[in-house]
Amino acid sequence: MSTTEQSETGRPDADRPDTFQRSLAHWAEEGRAGMESFYALASEDYRQMVAARNWAADLRRVARDGRVRALDVACGSGKFPAELMRRGLDDALAGTTVEVDLLDPSAFSISEARSVLGPPFVAAAEHEVRLQDLDPSHGDYDVAWATHALYAIPPAELDAGVARMVEAVRPGGFGAVVQATTTSHYLRFAELFRAAYSPTSTPFTSAEQVAESLVAAGVTPSVGMLRYTVSSPSRDVVEGFLQRCAFDDSVSLETMESDGPLGEYLAGCREPGGYRFTQDVHVLTWEA
Ligand SMILES: C[S@@+](CC[C@H](N)C(=O)[O-])C[C@H]1O[C@@H](n2cnc3c(N)ncnc32)[C@H](O)[C@@H]1O
């Protein structure tokens, strides 16, 4: 794409598709390359969240007759179960099977997540819907998790979506949401990008909003806090990561750097030889 074309698409544009549509368009086969460049940096999210907690103990606690019925909300490409497997969940569960229902409005995501599942996980049902549209007849799960998953639920629909997740877990079960806070790179960058290029689009939801929705659904979550940085010396990698953060491939890194508040934020993330971004993430858990 030429510089002229980039600066044209980089203008604020009320006609840009809204956040959920942009998310869905990127969680598709056409978005595979962008997804892969995103995870060059974002794989750290899953290393951090899996290391942060004894997930095996959580799953053992809610198992019934050697099995756990799980709901993976907004399963994406399955990075969370993949990282649990990589860190030895199968050995830690010693024979307990985790039957996972995959929920995502993207058929591509469901297929990707299904393809990474191995012991102790077994793929079960698929729900190709938005969380807020999950049929209330799907329930009685021992555990439901949503890891970096709820950003594209419009804030006005978050109470409904989170309530569906809470209701889906049986009494005595366990729920977990891992989500970036308003001080994290994800939310700060998304908000500045939105202000610069897509001011009428729906903002991403934050961990703080998820916590409020959990309380509205009758749950008092425990909150674990994670802070870590991700970095790269490669401008190409950073550009791909940032474009995926915004679900918008039309604005180059150079254009973002030249924008006022967004450019100032990015200047603050520069370090000798590259970029470093700080993530503040909450691990919200509850016993149903
Ligand atoms: C970053 S991925 C989640 C990553 C995933 N938890 C993992 O372990 O790899 C975000 C996913 O949210 C999905 N999504 C977007 N809006 C949604 C909604 N309203 N309800 C459920 N999922 C949604 C997208 O299709 C995408 O697959």
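The values are calculated or read from the model by the stated rules, or taken from the named source; none is laboratory data. Values in this document were obtained by computation on a predicted structure and should not be read as measured data. Here the Cβ positions follow ideal geometry from the backbone for every residue, glycine too, while neighbour counts run over all protein chains shown. In case anyone asks, the SASA skips ligands and DNA or RNA and just uses the protein heavy atoms, side chains included. Shrake-Rupley method; radii C 1.70, N 1.55, O 1.52, S 1.80 Å.
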Seminar exercise, completed: Restricted to the range 187-198 and to residues being of a type outside the set (A, V, I, L, M) and touching an Asp or Glu at 6+ places or on another chain (Cβ under 9 Å), the residue modelled with the lowest pLDDT is 198
Exercise. If you go through the range 55-86 one residue at a time, how many are over 20 Å from residue 288 (Cβ atoms), assigned to a loop (DSSP other than H, G, I, E, B) and open to solvent by 30 Å² or more (accessible area, probe 1.4 Å)?
Worked result: 1
Exercise. Where in the range 186-288 are there helices (runs of 4 or more DSSP H), lying wholly inside it, with at least 3 residues that are within 15 Å of residue 42 (Cβ to Cβ)?
Worked result: 235-246
For this session: Determine, yes or no, whether residue 90 is open to solvent by 30 Å² or more (accessible area, probe 1.4 Å) and either acidic (Asp, Glu) or closer than 24 Å to residue 27 by Cα (or both).
Result: yes
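Rundown of residues vs (1) open to solvent by 50 Å² or more (accessible area, probe 1.4 Å); (2) in a strand (DSSP E or B), yes/no style:
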| site | (1), (2) |
| --- | --- |
| 125 | no, yes |
| 137 | yes, no |
| 144 | no, yes |
| 157 | yes, no |
| 163 | no, no |
Problem set entry | Positions within the range 255-268 being open to solvent by 10 Å² or more (accessible area, probe 1.4 Å) and either touching a residue at least 12 places away in the same chain (Cβ under 8 Å) or touching a strand residue (DSSP E or B) at 6+ places or on another chain (Cβ under 6 Å) (or both), in sequence order | 255, 259, 260, 261, 265
Exercise. Is the range 169-185 home to any residue that is more than 19 Å from residue 58 (Cα to Cα), open to solvent by less than 10 Å² (accessible area, probe 1.4 Å) and of a type outside the set (S, T, N, Q)?
Worked result: yes
Exercise. If only one of 152, 196 is open to solvent by less than 30 Å² (accessible area, probe 1.4 Å), in contact with a Pro (Cβ under 8 Å, 6 or more places away or on another chain) and among the hydrophobic types (A, V, I, L, M, F, W, C), which one is it?
Worked result: 196
For this session: From 152, 160, 156, 125, grab the single residue that is touching a residue at least 40 places away in the same chain (Cβ under 8 Å) and either within 8 Å of the ligand (Cβ to nearest atom) or among the small types (Gly, Ala, Ser) (or both).
Result: 152
